[in-house]
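J.: Please find one structure pasted underneath; my questions will follow.
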Amino acid sequence: MATRVDHCVIRGGRVLDIRRHAAELADILVVGDTIREIGPPGLEAPAGAVVIEAADLLLLPGLVNAHTHGHGHLGKGSGDRWTLELLLNAGPALNSNRTLEDKYLACLLGGLDMIRSGTTACYDLFYEFPLPSFEGLEAAARGYRDAGLRVVLAPMVADHSFYEAIHGLLEALPAAQREMVERFRLAPAAETLSALEAIVSRWPFDASEAGLALAPTIPLHCSDDFLTACSSLARGASLGLHMHLAESKVQAVAGMRRYGRTLTAHIESLGVLGPHFTAAHAVWLDDDDISRLADHGASIAHNPGSNLRLGSGIAPARRMRERGLSVGIGTDGSQCSDNQNMFEATRLASFSSRIVSPDPECWLSTDEALTMATEGSARALGLGRHVGRIAPGLKADIVFLDLGNLNFVPFNDPTNQVVLTENGAAVDSVMIGGRIVLDRGRFTTFDVHRLRERVSERVAALREQNRDLAALTLGLEKVVSHFCVGLARSHYHVERFVPA
Ligand SMILES: [Zn+2]
């Protein structure tokens, strides 16, 4: 296959119709980065159009990862029995002292990892300590663009550290440790807000290729004034706003104690909800919370793999959809997920919907799950008019699956097999914006072997540099866990853990 095509026709492939569970033979004409026409085999193409042979390949819209973290791509396999709170406790040791090169390399690596497993776009909540920088975000965007992946990058910000966010936690730490976690204090709100303004005003990338959004990370980590300011900045610049919402029971309980109402009711009262708003995880929502988000036209980034890995609980994804809420699927970052494989995340969404009810009518069907991983996620990214479907007028973001791969032998039902069988092994080629970025299993954008060496060197250096932080946060694990598990054992009015 050609690596760059300005004008091409994809011939002989089977185009997946997710809802009909069908895959008819069809040709696709691509002009520039956009799908111009889809028609029966033999579709007329302009003279000089490059022909891409797709015989024996299943063509599906690129999967869209609705929630990940670029800084996390260097951390796969970190920790084991971590709750969300233990992951947040380990954050300084995992993410400190990153250079601009590290930020670039992490996103390049993560971008290639996602492409390899059939993802063509992601929503990335990118973290820099103690505050975001234009240079850091620009390096992250360049990493993804050099890989060839489409991205929406949201600087992840807060004005309270994790230790300040959970009421009573700081007081529970021994005096010496309390002093040490002072080092993790974030920049004052005003400084972070002016950094965000600078990033927004100077952002140099095309919004559909490397767009910008804002991510005030977690309600408890943001003062009301800070959150409201982030929200106005996002609205003023027509950007998305992405938050982790009621991810863990600890947050739900601590939120109720602090605000006297649910986290969702609280942020609704601050006026931050709207069609541009994406709530990540949203595990500990009650029915009123779901209705609030639906009424505001918001989106959910459902991250079933991360919710299982961190023991956060099972998010009521099917109920959200029944209430008219748009739901996408994400992997979450590699420090808690750990691969960036959207086929796996989609399968986990399907499976985890089944352990909460004996009635199969309440489960996610495979076509629902795959529609969530494509159209639902695209909407969360604010790119619903551009990606998520194979259709004329949309960007040519197409995954080519090898029907000779044993995952598809025999070929019974394309939608069921993509969700229930495929694990990324059948990904043959990937086109993003009309450009082939993975060609018959080989990246056309970057030499992965060269990348591996440099990433390994940098990760070893960072581990050395962050050694004392690792020792400090390891020393805090017991008391943090004890305090937070205590909170999680208290009563909350919905249950999202499934009894064994
Ligand atoms: Zn996250």
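The values are calculated or read from the model by the stated rules, or taken from the named source; none is laboratory data. Here the structure is a predicted model, which is why all the values come from computation and not from measurement. Cβ atoms come from the backbone with ideal geometry, glycine included; neighbour counts cover every protein chain shown. When the accessible area is computed, the model is the full protein with side chains, heavy atoms only, and any ligands, DNA or RNA have been set aside. Shrake-Rupley method; radii C 1.70, N 1.55, O 1.52, S 1.80 Å.
J.: Scan the range 116-145 for residues that are within 16 Å of the ligand (Cβ to nearest atom) and in a helix (DSSP H, G or I) and jot them down.
T.: Once the filter is applied, which keeps residues that are within 16 Å of the ligand (Cβ to nearest atom) and in a helix (DSSP H, G or I), the range 116-145 yields only ALA140.
J.: Read through the list (1) buried (at least 21 other Cβ atoms within 10 Å of the Cβ); (2) on the phi > 0 side of the Ramachandran plot, then give the number of the only condition that VAL272 fails.
T.: Here VAL272 clears every test but (2).
J.: Pairs please, first residue from the range 78-97 and without any contact (Cβ under 8 Å) to a residue 60 or more places away in the chain, second anywhere and assigned to a loop (DSSP other than H, G, I, E, B) and open to solvent by 20 Å² or more (accessible area, probe 1.4 Å), Cβ atoms under 9 Å, 6+ apart in sequence or on different chains.
T.: Hits for this filter: ARG81/GLY311; ASN95/PHE129.
J.: Considering each residue of the range 156-195, count those that are among the acidic types (Asp, Glu) and either open to solvent by less than 70 Å² (accessible area, probe 1.4 Å) or not in a helix (DSSP H, G or I) (or both), and give that number. Spell out how you get there, then give the answer.
T.: Within the range 156-195, the first condition is being among the acidic types (Asp, Glu), and the residues that meet it are 159, 164, 171, 179, 182, 191.
Filter once more, so that each one left must be either open to solvent by less than 70 Å² (accessible area, probe 1.4 Å) or not in a helix (DSSP H, G or I) (or both): 159, 164.
Of the residues in the range 156-195, 2 are among the acidic types (Asp, Glu) and either open to solvent by less than 70 Å² (accessible area, probe 1.4 Å) or not in a helix (DSSP H, G or I) (or both).
J.: A further question on this structure: Would you confirm whether or not the range 88-106 contains a residue that is out of contact with any helix residue (DSSP H, G or I) (no Cβ under 7 Å at 6 or more places or on another chain), among the β-branched types (Val, Ile, Thr) and on the phi < 0 side of the Ramachandran plot?
T.: Yes; the residues of the range 88-106 include at least one that is out of contact with any helix residue (DSSP H, G or I) (no Cβ under 7 Å at 6 or more places or on another chain), among the β-branched types (Val, Ile, Thr) and on the phi < 0 side of the Ramachandran plot.
J.: Name the pairs whose Cβ atoms lie under 8 Å apart, with the first residue in the range 166-186 and within 14 Å of LEU88 (Cβ to Cβ) and of a type outside the set (Phe, Trp, Tyr), the second open to solvent by less than 40 Å² (accessible area, probe 1.4 Å) and part of a loop (DSSP other than H, G, I, E, B), and 6 or more positions between them or separate chains?
T.: Hits for this filter: VAL181/SER161; VAL181/LEU173; LEU186/ALA158; LEU186/ASP159; LEU186/SER161.
J.: Tell me, which residue of the range 212-259 that is polar (S, T, N, Q) and away from the ligand (no atom under 13 Å from the Cβ) is least open to solvent (accessible area, probe 1.4 Å)?
T.: Residue satisfying both the conditions and the ranking: SER231.
J.: If I ask for residues that are open to solvent by 10 Å² or more (accessible area, probe 1.4 Å), of a type in the set (S, T, N, Q) and under 27 Å from GLY313 (Cα atoms), which ones from the range 75-118 would you list?
T.: If the condition is that a residue be open to solvent by 10 Å² or more (accessible area, probe 1.4 Å), of a type in the set (S, T, N, Q) and under 27 Å from GLY313 (Cα atoms), then SER78, THR83, ASN95 are the ones that fit.
J.: Right, something else. Only one of these conditions is not met by VAL283: (1) in contact with a Lys or Arg (Cβ under 7 Å, 6 or more places away or on another chain); (2) over 22 Å from ALA154 (Cα atoms); (3) within 16 Å of the ligand (Cβ to nearest atom). Which number is it?
T.: (2)
J.: What tally of residues in the range 395-418 results from selecting those that are touching a residue at least 24 places away in the same chain (Cβ under 8 Å) and over 15 Å from PHE343 (Cβ atoms)? Before the answer, list the steps.
T.: Going through the range 395-418, the residues touching a residue at least 24 places away in the same chain (Cβ under 8 Å) turn out to be 395-404, 408, 413-416, 418.
Those left that are additionally over 15 Å from PHE343 (Cβ atoms): 395-398, 403-404, 413.
So the answer is 7.
J.: Restricting attention to the range 314-338, and to residues there that are assigned to a loop (DSSP other than H, G, I, E, B) and more than 15 Å from the ligand (Cβ to nearest atom), which single residue is nearest to VAL485 (Cα to Cα)? Outline the logic, then answer.
T.: Taking the range 314-338 as the starting set, the residues that turn out to be assigned to a loop (DSSP other than H, G, I, E, B) are 314-316, 323-325, 330-338.
Applying the additional criterion that residues be more than 15 Å from the ligand (Cβ to nearest atom) yields 314, 316, 323-325.
Values: ILE314: 17, PRO316: 22, ARG323: 31, GLY324: 33, LEU325: 31 Å.
Top of the filtered list is ILE314.
J.: Regarding ARG347, is this residue in a helix (DSSP H, G or I), more than 16 Å from the ligand (Cβ to nearest atom), open to solvent by less than 50 Å² (accessible area, probe 1.4 Å) and within 27 Å of ARG389 (Cβ to Cβ)? Step through it out loud before you land on a result.
T.: Numbers: in a helix (DSSP H, G or I): yes; more than 16 Å from the ligand (Cβ to nearest atom): yes; open to solvent by less than 50 Å² (accessible area, probe 1.4 Å): yes; within 27 Å of ARG389 (Cβ to Cβ): yes.
Answer is yes for this residue.
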